[in-house]
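**Student:** Would you mind keeping the following structure in view while I ask a few things?
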Amino acid sequence: MLLPMPSPPVQIGPPTEFARKMRGWLFALLLLQTVVCVLRFVCLLDIMGGFIMLIMVGMGWYAWKEDMHITFICSWGCLCLINGAFDLVRFLDYVVKSQDPLFSTKYGFWRSFETAIFIAIPVVSLLGAFLARHIYLDYCAQTLPLENMIGAVNSARGGLSYGAAGGRREINLDGDRAALEKPFGGKGHKLGSES
């Protein structure tokens, strides 16, 4: 992987109530992103940027179609954040280097319309990242049945958990880990012998 990012969460069970409530907002935002993407192709003739935005919008529609699946929501949110950041920098670069004001009556309606599209591109992308982040935070706040089961087993064992090395480990209050047992360590025993 190019960037050291954690893998997106895997959804266990149906979407959360908050995600279901956000389904309409996601639909409206995806509709807005689709319109802005088409206008980016048609009015600005930005083929490369429009194609990248099309991939982002396609991922969002797939997340919506898959009943607000958190894995696809997070992937769409990451694409929105990256595309929105690049488009925002592109817009700021244009504003800094331009000698003309953004909106002016001397250039006519179409120039102002293109400028509005240029502003709308990073706005709708960053709104998507914002919405995906809120859905993700709500998903992380939920207690999943599997986590409850693992937590109950660990508390029954007195706070013991199994580490990646396979050995049983105890977690102290100050964060240090001390190994209690190691696999295949210790004295061997024969079957049927008294210990």
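**Student:** Only one of these is aliphatic (A, V, I, L, M), in contact with a Gly (Cβ under 7 Å, 6 or more places away or on another chain), under 17 Å from Ser125 (Cα atoms) and assigned to a helix (DSSP H, G or I): Leu29, Leu81. Name it.
**Tutor:** Leu29
**Student:** When only residues in the stretch 103-113 that are polar (S, T, N, Q) and either at pLDDT 80 or above or surrounded by 11 or more Cβ atoms within 10 Å (Cβ to Cβ) (or both) count, which is farthest from the chain's Cα centre (by Cα)?
**Tutor:** Among residues in the stretch 103-113 that are polar (S, T, N, Q) and either at pLDDT 80 or above or surrounded by 11 or more Cβ atoms within 10 Å (Cβ to Cβ) (or both), the one farthest from the chain's Cα centre (by Cα) is Ser104.
**Student:** On to the next question. Being in the same structural domain as Val124 (by TED's automatic domain parsing), within 21 Å of the chain's Cα centre (by Cα), outside any helix (DSSP H, G or I) and of a type outside the set (Lys, Arg) narrows it down to one residue among Asp100, Asp87, Asp67; which is it?
**Tutor:** So the residue among Asp100, Asp87, Asp67 that is in the same structural domain as Val124 (by TED's automatic domain parsing), within 21 Å of the chain's Cα centre (by Cα), outside any helix (DSSP H, G or I) and of a type outside the set (Lys, Arg) is Asp67.
**Student:** Considering Gly60, Gly151, Gly158, which residue is at pLDDT 95 or above and not aromatic (Phe, Trp, Tyr)?
**Tutor:** Going through Gly60, Gly151, Gly158 in turn, just one is at pLDDT 95 or above and not aromatic (Phe, Trp, Tyr): Gly60.
**Student:** Might you let me know whether the stretch 40-56 holds any residue that is within 16 Å of Phe130 (Cβ to Cβ) and either of a type in the set (Gly, Ala, Ser) or assigned by TED's automatic domain parsing to the domain that holds Ser112 (or both)?
**Tutor:** Yes, there is a match, as at least one residue in the stretch 40-56 is within 16 Å of Phe130 (Cβ to Cβ) and either of a type in the set (Gly, Ala, Ser) or assigned by TED's automatic domain parsing to the domain that holds Ser112 (or both).
**Student:** Go through (1) surrounded by 19 or more Cβ atoms within 10 Å (Cβ to Cβ); (2) part of a helix (DSSP H, G or I) for Phe41 and report which single condition fails.
**Tutor:** (1)
The values are calculated or read from the model by the stated rules, or taken from the named source; none is laboratory data. Note that this is a predicted model, so its numbers are computed, not measured. Using ideal geometry, Cβ is built from the backbone for each residue, glycine included, and neighbour counts are taken over all protein chains shown.
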